[in-house]
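To start, the structure itself, in structure tokens.
Values quoted throughout were computed directly from the atomic coordinates according to the rules given, and no laboratory measurement underlies them. From a predicted model like this one, the values you see are computed outputs, not experimental measurements. Glycine gets a Cβ as well: all are built from the backbone with ideal geometry, and neighbour counts include every protein chain shown.
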Amino acid sequence: MSARITCFALAPRRYFRSLTTLTSSIREMSIFTQCLNPLTGTASWEEKDQNYDYHQEVARSAFADMLHDHERNEKYYIALKAAIDKKLRNGEEANVLDIGTGTGLLSMMAAKCGADSITACEAFKPMAKCAIKILEENDYSDRIKLVFKRSTKMTVGKDCDMAKKANILVTEVFDTELIGEGALSTFRHAHECLLEENSIVVPSAGTIWAQVVDSQTVSLWNRIKPIRDAESQSVLIDPPLDVQLCSGAAAVHDMQLTRLPHHLFTPLMRPQQIFRFDWSGKKPLIFKEKALMTDEAIASGNANVIFMWWHLNMDEYGDVILSCAPVWEHPDAKEPKLANFPMEKIADTIPWRDHWMQAVYYLPVELPITAGSIISLVGYHDEYSFWFQVDNKYVDEAPNCERPVCNCCIHVAYSRTRIGQLNDVKRNDKYIKALKGKITKDSVCLCLSDGSLLSLASAKLGAKLIYVLETNYLSKKTTEMFIKANGLTEKVRIIDSLEKLPEADEIDLIFGEPYFISSIVPWENLRFWYTIARYPRNIQRIPIAATIKGVAVEFKDLHKIRAPLGKCEGFDLTSFDKLVQASSEKSDNPVEVHPLWEYPCTALSLPFDVITLDLTANVMDQKRITLSDTIHILNSGSCNGIALWIDWHLNKDITVTSGPIEEIVPGFRISWDPYTRQGVHLFKNILNVTNESHVSWSFNFVPQHGTMEFEFNILLSKN
């Protein structure tokens, strides 16, 4: 891995849905792209393949788990077969339109079911070309017509894209919010222009479920809480009023709610079917509407969060349901045979998917709810998204409410993971304890981290003066708000560029969390080390060292996002896998980042240290570091990944981790810090390992260039 010298903003955890591939006609050339090195903070020109961005999109999308979702595929097949059989029984032709065909999977299913004609459309031409090849390899090219267009651009008639209108529509244009990929406009246009009356649509309908919840844990990802001194419980830093009243980010927070421990939230209201979309055309689709649901509260608490999920009626009779509900409401989890199982075990039995998760919406104000009282839940949607309000009394009519937007800047400046990290009490307590051990009334401190509220806390701990480096405009604006709200304008000075940093003789302590907005994988926050290189070693600093650590794991599901398809529901997609792999080799880093608390994994080894870096030394004086070793597998399993993280040693006694929050025990699942993201290496060739197996690793670090490379290999026997 080349220290993730980033030329792009990776969506940190969710993947593009369209599947693409390479074509042999692409000529191999190079271009130079300006890239930011997140370690050094410097920009440089990197030679890249002329189609680097294209390869990147291919690699990041094609191995997503959507086509590995057997339940999804199977239920599409069942509903599609029922639709085709019904048309044929009624003496009609079965003419199928497949919108957004991707690999052509649903079209091939339609052909297998005996459709008379099939027209598929795919707007992304490289994907469409790939689909043509797949159709040829599976002997369906003469039965399926592929149109290189969006469905809204298709024409019907003689010498047009479709000779006549279809009477069966099959499509999958859904996301976590169901309508976020333009489902409403896609279906409306299809009914108006591309389908006969009385057409059968697969799926036929979609239902939105919402539940009012009290979860102080989940709310930590949305709203900044006061920072307190653990010893005196006095408030060190209070969030400004604008921050306290802000509605939060407008975008949905997608989350694997099934993996949220049940004791961390309290349902206040039974799940409500709040919106229903009839894809069949029997009822008009409305692009903007509101709905009101009133029910009795089932528990007392503070309403602060809405959990949302959806299900699809795959067939027109509602017999085949595809549900995205979390475990406590999933129909498969309510089977009598599972009644005595613990929730974690039940969670392992329901279908897993990363392309459709559950959604979290944050309420603008926490509302106290009493068990037995009436709750009014109001839902709204526009063409692409939802938002909600709650009242703790009966409401006759749903009020009008515009989609909430952030007006405090924080939700724009920082990710939800970072907001949660700022609220992590245990983490903050460790930093405050370390700062107390260094700060005196005469201390002048320099903070090298983006948006560090702990740097402001150090002013409240008695420091004489705090310099804060804030080179990001939004982070600087946010910090200014906190400085003003906490009366620290005389004690805190913001520095907006490296050139303006104070001289060494002015500084007693250099502090960092460390956190930088540009960082993706945890060790990219070592930018702190590069920034302090301009200061002599005799200046005290926090942290004093950092250790990159790892563990061999068996992911229950996460590996599916990169696993090749091979045979998918009986159709051969192996050549597609090979083409996509070619793009991956040109654009992907072997270590990516994920919030592993959402993705269960079992430890197959003890944790191992890759390297410990002395942050009191000058990084630019360090020579190339090359290390290698093997780790012993202690528990049999399918070794499909290596999890990586970094520990920050604030002093010789206090360490803050970005990894496991409990001791790792081989053979047991790992508990991960929910307020950081961990590095993940997923093996391309997954092997079953035993206690005679090993994993070899190598690490190469060139400090002057700010590049790091990791390599991992499975050895079934050490010899």
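Here are some notes:
- Summarising the strand pairing of the chain, around 75 percent of its internal DSSP beta bridges are antiparallel.
- In plain terms, the residue of R276, R143 with the fewest other Cβ atoms within 10 Å comes first and the most crowded comes last, giving R276, R143.
- With distances taken between every two different alpha-carbon atoms, segment 416-516 has a Kirkwood hydrodynamic radius of 13.6 Å.
- Segment 368-472 shape via C-alpha gyration tensor axes, a/c threshold 1.5: prolate
- Lys/Arg +1, Asp/Glu -1 at C-beta; the chain dipole; positive extreme among L67, N400, T707: T707
- HN-Hα J in Hz across segment 625-633 - Karplus 6.51, -1.76, 1.60, θ = phi - 60°, x for Gly and Pro: 10, 10, 10, 7, 5, 10, 10, 8, 6
- For the listed peptides 565-576, 523-534, 298-309, 618-629, a ranking on the average number of other beta carbons within 10 Å per residue, highest first, reads 523-534, 298-309, 565-576, 618-629.
- ³J(HN,Hα) computed for each position of segment 519-533 - Karplus, 6.51 cos²θ - 1.76 cosθ + 1.60, integer Hz, glycine/proline x: 6, 10, 7, x, 6, 5, 6, 5, 3, 3, 5, 5, 6, 7, 4
- Pairs with C-alpha atoms separated by more than 26 Å, drawn from the list K491/K652; K290/K345; K464/K484, are K491/K652; K290/K345.
- Hits among aspartates and glutamates - C-alpha to C-alpha of K560 under 16 Å, sequence gap 8 or more where chains match: D65, D69, E71, D348, D354, E569, D577, E592, E598
- Each Lys and Arg contributes +1 and each Asp and Glu -1, all at the Cβ; summed about the Cα centre of segment 416-516, the dipole is approximately 580 debye.
- Considered as an equivalent ellipsoid built on the Cα gyration tensor, segment 510-661 has semi-axes of 36, 19, 14 Å, the largest given first.
- Within the shell defined by Cβ-Cβ distances under 12 Å, the residues around L650 carry a net charge of +3, with Lys and Arg each +1 and Asp and Glu each -1.
- Close amide H partners of D254, meaning residues 5 or more places away or on another chain with modelled amide H under 5 Å apart, are V360.
- Amide N proximity, segment 282-311 versus E92 label position 7 Å along Cα-to-Cβ, cut-off under 19 Å: 282-284
- If you bin all the Cα-Cα distances of segment 67-202 at 5 Å, starting from zero, the percentages per bin are 2, 11, 21, 25, 24, 13, 4, 1.
- Candidates V492, L716, T657 compared by Cα position along the dipole of the chain: farthest toward the positive end lies V492, with charges placed on Cβ.
- Overall form of segment 130-254 per C-alpha gyration tensor (a/c, 1.5; a/b vs b/c): prolate
- Computed over the chain: relative contact order in percent, which uses C-alpha pairs under 8 Å that are six or more apart: 14
- Prolate/oblate/rounded label for segment 663-719 (Cα gyration tensor, a/c 1.5): oblate
- Close amide H partners of V202, meaning residues 5 or more places away or on another chain with modelled amide H under 5 Å apart, are L169, V170, T171.
- The distance from the alpha carbon centre of segment 391-432 to that of segment 223-300 is 9 Å, rounded to a whole number.
- With distances taken between every two different alpha-carbon atoms, segment 413-455 has a Kirkwood hydrodynamic radius of 11.7 Å.
- From helices alone, the chain scores -5500 deg cm²/dmol at 222 nm; the rule is -39500 (n - 2.57) for each run of n ≥ 4 DSSP H residues, then divide by the residue total.
- Distance from the Cα centroid of segment 160-178 to that of segment 675-719 is 43 Å (rounded to whole angstrom).
- Projecting the Cα atoms of F511, S215, T258 onto the charge dipole of the chain, computed from C-beta unit charges around the Cα centre, puts F511 farthest toward the positive end.
- Charge dipole (debye, nearest 20) of segment 176-246; +1 at Cβ of Lys and Arg, -1 at Cβ of Asp and Glu: 180
- The chain: equivalent-ellipsoid semi-axes (sqrt of 5 x gyration tensor eigenvalues, Cα, Å): 46, 32, 24
- Along segment 333-344 the Karplus relation, 6.51 cos²θ - 1.76 cosθ + 1.60 evaluated at θ = phi - 60°, assigns HN-Hα couplings of 7, 9, 5, x, 5, 9, 4, 9, 8, x, 4, 5 Hz to successive residues, with x for each Gly and Pro.
- Per-peptide average of other Cβ atoms within 10 Å, ordering 282-294, 248-260, 551-563, 679-691 highest first: 551-563, 248-260, 679-691, 282-294
- Amide H partners (placed H, <5 Å) of I495, local residues excluded: V468, L469, E470
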